[in-house]
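Participant: Handing you a structure now.
The values are calculated or read from the model by the stated rules, or taken from the named source; none is laboratory data. These figures come from a predicted structure and were not determined experimentally. Here the Cβ positions follow ideal geometry from the backbone for every residue, glycine too, while neighbour counts run over all protein chains shown. Side chains are part of the model used for accessible areas, which takes the heavy atoms of the whole protein and leaves out ligands, DNA and RNA. Shrake-Rupley method; radii C 1.70, N 1.55, O 1.52, S 1.80 Å.
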Amino acid sequence: MTPRDAVPRELRRAAPVLPVVLIIALLALPMPAGGEASGAETGTGTLADAVSALVVGACVVHLARTGRRPLSRTAAVLLGLPVVGITAAAFGASSAATGVAGAARYLQIFVLVPAAVLILVRDARHFRLLAWSFVALALWQGAIGVQQNLTGTGASYMGEDIRAVGTFGSTDVMGMATVVSYGLVCALALAFRPHAPRQRAAAAGCAALLAVPLALSFSRGAWIATAVACLAVLLLAGARRAGTVLLAGGAAAVVLVAGLGVGSAMLQERLSSITQVTDTPDQSVTDRYTMWAASADMWRERPVTGVGLKGFPEHRDKHASLALSSGSDTAGAGSGFVRQPLLSPHNMYLLVLGEQGLLGLATLAGGWAALLVCGLLRWKRGCARPGGREGPELDCALVACGLLIWQLTDFVYADIGGPSTVLTAVAFGIAAWWAVGSRGPAGEAGAR
């Protein structure tokens, strides 16, 4: 028996996407001291970021050796479009070093890693492996988050260390919420996989379990984005199914919240604060809207190309009102008290508009919107069949469209930054595979 024969067949089949699975798996590790706030805001990276760079490099070497065209024309245009706005904004940065660092981060998240994932995913089997990897990571981080809430070892929230943050620490409270949201959307979508009753049942159970740590994250933006994405997934799966699942989910939510005891009051207060925009908003809401206004003011100053990559912190005080606080307080989850400066507006669209202008927003957001349209069109062609019949890749369509809708909704309340950002790049990549990755006769992705 040769060494090749000794390797299980399924492992050999999965080999092309195992580097991407490794990127996802590395996010299960505890963040090193001082690494929680890595990402676009600080300019530092994580081990997962380093591996993502190696994956991109390996793709380039592989393509150079094989000589095949890596992307379809549509994929090349949509993934390459952001380069225009990013490059222009890099030249407008306050220094060459700042421009290069900012451009590298944007290209990593929105161009290079998504393109590498699209190239490595060959068929629906690979796609589902990555989707289940999202679910597995979410279950791990969610379990840690629930334990933090129950034992009072989470991040500080309203004077108690009960906020579920997983391994991301108190200075990246959105990290676990993002991971769990991705996993919940993927699990819900995988619950509609045709002709796989066991996997459907397992996925539905995972989706229900992940609702608990998502609630305990106390992340309003993640709640809203997940609700929108899950509703979209259910509607794409079928109106009748959507009604049934929504009724069951509503009943389960009542039981869940009632069973949380003291925590239910905090959840209700957090939910009610979503609508308190003009009445009595808390300081975090006031800061958010003040920074949104500052970003819009930066755009009015330089409407075409913005103030330059990573320019928001430098121009913030010039454009923000006195209502903006000096920073946000974080503590708990193994960290002491930290006063975090407000270095971004927590709205990706306004961040891009302020730093990259209309050119950057049109190329970035335009590419995202086009990916979603292409994904929905492919769902309509291959999955929305007459008579209620399911397409063989219905779950893949739901995962791709669900993740895109979640991300585009969440970007209204968040921007890139933190260790989980590399997972955003992977999500864009697998969504791009469904939307614009071409398929050969055997179901493998190839060039058109």
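Participant: Keeping the other protein chains in place, figure out the carbon and sulfur percent of the accessible area of the range 342-428, with a 1.4 Å probe.
Facilitator: Carbon and sulfur: 68 percent of the exposed surface of the range 342-428.
Participant: What order do you get for 413-421, 78-86 when each peptide is scored by the mean count of other beta carbon atoms within 10 Å, highest first? Can you show the working numbers first?
Facilitator: Values: 413-421: 24.1, 78-86: 20.6.
With the highest mean Cβ count within 10 Å placed first, the list reads 413-421, 78-86.
Participant: Further question on the same structure: ARG68 to ALA28: FRET efficiency via 1/(1 + (r/R0)^6), r the Cβ-Cβ distance, R0 25 Å, to the nearest 0.05? Please list the in-between numbers first.
Facilitator: Working: r = 34 Å, r/R0 = 1.34.
The computed FRET efficiency comes out at 0.15.
Participant: Once neighbouring chains are kept in place and the probe is 1.4 Å, which whole percent of the accessible area of the range 110-192 is contributed by carbon and sulfur?
Facilitator: The computed percentage sits at 63.
Participant: While we're here: Could you do me a favour and compute the accessible area per residue for the range 93-202, 1.4 Å probe, result in Å²?
Facilitator: Spelled out: the 1.4 Å probe surface of the range 93-202, per residue, equals 34 Å².
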